[in-house]
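Notes follow once the structure below has been shown.
Read-outs throughout are calculated quantities, based only on the coordinates presented, and are distinct from any laboratory measurement. Please read all numbers here as calculations on a predicted model, not as lab measurements. Please note: Cβ atoms are built from the backbone with ideal geometry, for glycine as well, and neighbour counts cover all protein chains shown.
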Amino acid sequence: MQTYDAVIIGAGHNGLTCAAYLGMAGLKVKVLERRSVVGGAAVTEEFHRGFRNSVAAYTVSLLNPKVIADLRLFHHGLKIVERRAQNFLPTPDGQYLLAAEGHTERNIAKFSRADAERYHAFNRQLDASADLLRELVLQAPPNLTRASTLQALGELLKAGRFGNRLRRLSTENLRTLYDLFTKSAADHLDGWFEGELLKALFGFDAVVGNYASPYTPGTAYVLLHHAFGEVNGKKRVWGHAIGGMGAITQAMAACAASHGVEIETGAAVREVLVEKGRAVGVVLGDGRVVRANVVAANVNPKLLYTAMVPPDLLDADFLRRMKGWRCGSGTFRINVALSQLPSFTALPGREGADHHTSGIILAPSLGYMDRAYCDARMLGWSREPIIEMLIPSTLDDTLAPRGAHVASLFCQHVAPQLPEGRSWSDHREEVADLMIDTVERYAPGFKSSVVGRQVLSPLDLEQVFGLTGGDIFHGALTLDQLFWARPALGYADYRGPLKGLYHCGSGAHPGGGVTGAPGHNAAHAIIADQRRRLNRRR
Ligand SMILES: Cc1cc2nc3c(=O)[nH]c(=O)nc-3n(C[C@H](O)[C@H](O)[C@H](O)COP(=O)(O)OP(=O)(O)OC[C@H]3O[C@@H](n4cnc5c(N)ncnc54)[C@H](O)[C@@H]3O)c2cc1C
């Protein structure tokens, strides 16, 4: 039996990133993926005959530029283009806000001159916090734990450097950072703006993938989390990967393979193999054993520790915390094949104008988003849901037949688990109809243009993509599950509680989104440990 230096559970984009870095460092690596395709939630698939789309994650910004450069993703075929407008927020009664480079302030002024004047200052402060986050995403957080004096000193130094970095912020920026980590998005935005559509523009980023009202304390952080990205050097811009999100993970897989990484699909891991307290490989669903010096898990930590590691090998307090790891995004995802572009009452036309290339947000106020959340808590889904529609075929002619289009409908809020023991299997189509009817209210004729659809409830996100609770981030992005507490205090440095077991997925710092950061950081921890091990042997 062949022994590897590292085996990776899952070929999501983070598993692939981790594998590529390990391969580049000369390690012999095997990646095991349960699906028949690599990419996890970042994939392109044909969902209706002749129509392909990024069927889960659908837009790119957070992917780290260092990861892009180190893995030579552009060389491996990745091309990212910018949207011609960033966002379009129509109202059912015919008004709209369009956020597009050079035009946003003028459009905001249609509703409030005061907001237009404050917009620049708001962005400046958000940028200062986003810049800080950008610096932190590729570093392991200080690991708060009892450890040997030498290790503890190292962590204290790291915490000191972090504190020192905070000290370099102006008082105003430090206060904003504190607001963004603690306040609700609504409280934060209400303190700046009066226009409902403008607040909804930012509020959407706070509730996306986050099963919460924008009035819930802590939601401002999720807004910040969506602000640390960039496209082709332009900060906080969102764009499109030609060929869909699968183009990112195909390029990652190509990079990994070029460094000797073996990737096996259709290979579900059943169990982490542990000997003498150390992870030494994995057991597959078909009973095969793959042995390795280290195991890196790209899966949600709750899945890892409650289903793949024998419970008697874990400390009781740690296991209790992993059982309590909060997962559940409140997300419902539809891919639609369209015979034509939608025409919005607020800005009619089917010509493929700039707003058709943007993230089209159907949720005109923070109050609307709050009601969507309250509904979902009570009924299982919102009677008036929050929807972002993206039509990538307006920027990419590889996805749909000529003249036709594909759109992603990213819908919130639905309950990850339906109340009263009801199953998503019985309500999937009914809720999909509601989502499409909702778009119809803004763009009459949309419903009849739908020629095919793929519907993914939270249950489907779990069953198809292995996302526990349908959680798109592998665990809620709340202060108790972030930074040095992701996935638990004492294990924030990508090293798990068992020797040789590492976390390389979004359940580790800095969390979810197509970033490549957890994969990058975990690889660096593994490489450092492997070098130490080799040095000890010499
Ligand atoms: C509907 C949806 C929309 C989103 N939209 C965006 C977006 O537009 N932009 C953005 O940046 N982010 C978006 N996200 C979030 C982002 O896609 C995820 O946070 C990110 O892709 C997670 O990457 P990962 O590599 O950490 O994990 P995953 O992509 O979840 O990969 C984990 C891998 O492990 C595999 N696996 C699971 N169990 C096993 C097993 N037993 N054995 C072997 N393999 C296993 C899975 O099949 C999967 O391939 C979205 C996510 C979803 C679901």
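What ranking do 150-157, 458-465 get when scored by the average of other Cβ atoms within 10 Å per residue, highest first? Intermediate results must be reported in sequence, preceding the final value.
Values: 150-157: 12.8, 458-465: 20.1.
For the peptides 150-157, 458-465, the packing ranking is 458-465, 150-157.
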What ranking, highest mean first, results for peptides 27-33, 370-376, 510-516 when packing means the other Cβ atoms within 10 Å averaged over each residue?
510-516, 27-33, 370-376
Per residue, what volume in Å³ does the convex hull of the Cα atoms of the chain enclose?
145
In degrees, nearest ten, helix 13-24 long axis to first principal axis of the chain (Cα):
40
Amide H neighbours of ARG326 at under 5 Å, excluding residues fewer than 5 places away on the same chain, with H built from the backbone geometry, are ALA476
Applied in sequence order to segment 455-461, the curve 6.51 cos²θ - 1.76 cosθ + 1.60 (Karplus, θ = phi - 60°) yields integer Hz couplings, x standing for Gly and Pro, of 10, 10, 7, x, 5, 5, 4
Which FRET efficiency value, to the nearest 0.05, do you get for ARG124 and VAL451 by plugging their Cβ-Cβ distance into 1/(1 + (r/R0)^6) with R0 = 45 Å?
0.50
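Let me have the relative contact order for segment 93-200, percent, based on Cα pairs under 8 Å that are six or more residues apart.
Values: 53 pairs, mean separation 37.5, N = 108.
Result for segment 93-200 is 35 percent.
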Can you give the charge dipole size of segment 407-463 about its Cα centre, rounded to the nearest 20 debye, using +1 on the beta carbon of Lys and Arg and -1 on the beta carbon of Asp and Glu?
200
Charge context of ALA253, other residues only, Cβ under 12 angstrom, K/R +1, D/E -1:
-3
If one compares the long axis through the Cα atoms of helix 113-136 with the longest principal axis of the Cα atoms of the chain, the angle in degrees, nearest 10, works out at 10
Residue by residue through segment 72-87, the couplings from Karplus 6.51 cos²θ - 1.76 cosθ + 1.60 with θ = phi - 60°, in Hz, x for Gly and Pro, are 6, 5, 5, 4, 8, x, 6, 9, 10, 10, 8, 6, 7, 9, 6, 8
Whole-angstrom gap from segment 189-220 to segment 290-312, using each part's C-alpha centre:
36
How do 250-259, 75-84, 178-187 rank on mean C-beta neighbours within 10 Å, highest first?
250-259, 178-187, 75-84
Tell me which residues come under 5 Å, amide H to amide H, from VAL231 once H is placed; ignore anything under 5 positions away on its chain.
ARG236, VAL237
Can you check how the C-alpha radius of gyration of segment 1-156 compares to 2.2 N^0.38 Å, as a plain ratio?
1.48
Label-point separation, ALA109 to GLU194 (7 Å along Cα→Cβ), nm
1.7
Per DSSP helix of 4 or more residues, -39500 (n - 2.57); summed, then divided by the residues of the chain. What does that give at 222 nm, rounded to the nearest 500?
-11000 deg cm²/dmol
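Given +1 on the Cβ of Lys and Arg, -1 on the Cβ of Asp and Glu, and no further charges, what dipole in debye does the chain carry about its Cα centre, rounded to the nearest 20? Don't jump to the answer; show the numbers that get you there.
Numbers: 59 positive and 52 negative charges, 439 e Å.
Taking the Cα centre of the chain as origin, the dipole is about 2120 debye.
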Free-standing Cys residues across the chain, given no other cysteine C-beta under 4.7 angstrom:
CYS255, CYS327, CYS374, CYS411
Distance from the Cα centre of segment 416-468 to that of segment 71-89, in angstrom?
27
Charge dipole (segment 105-150, unit charges on Cβ, about Cα centre) - positive-most of VAL137, ILE108, THR149
ILE108
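Structure shown: which of LYS276/LYS323; LYS28/LYS234; LYS183/LYS234; LYS276/LYS302 lie over 29 Å apart, alpha-carbon to alpha-carbon? Working shown, then result.
Details: LYS276/LYS323 24 Å; LYS28/LYS234 36 Å; LYS183/LYS234 27 Å; LYS276/LYS302 23 Å.
From LYS276/LYS323; LYS28/LYS234; LYS183/LYS234; LYS276/LYS302, over 29 Å: LYS28/LYS234.
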Could you please report the charge total around GLU264, scoring K, R as +1 and D, E as -1 over all other residues with beta-carbon less than 9 angstrom from its beta-carbon?
-1
Once label points are set 7 Å from the Cα along Cα→Cβ at both SER258 and ASP426, what is their separation, rounded to one decimal in nm?
5.3
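In a shell of Cβ-Cβ distance under 12 Å around ARG84, excluding ARG84 itself, what net charge do Lys and Arg (+1) and Asp and Glu (-1) give?
Numbers: positive: ARG83; negative: GLU82, GLU101, ASP354.
My count for the surroundings of ARG84 gives -2.
Stokes-Einstein D for segment 65-201 at 20 °C, 1.002 mPa s, Kirkwood Rh over Cα pairs, in µm²/s?
On the way: Rh = 18.5 Å.
The calculation lands on 116 µm²/s.
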Contact order normalised by residue count of the chain, Cα under 8 Å, 6+ apart, percent:
25
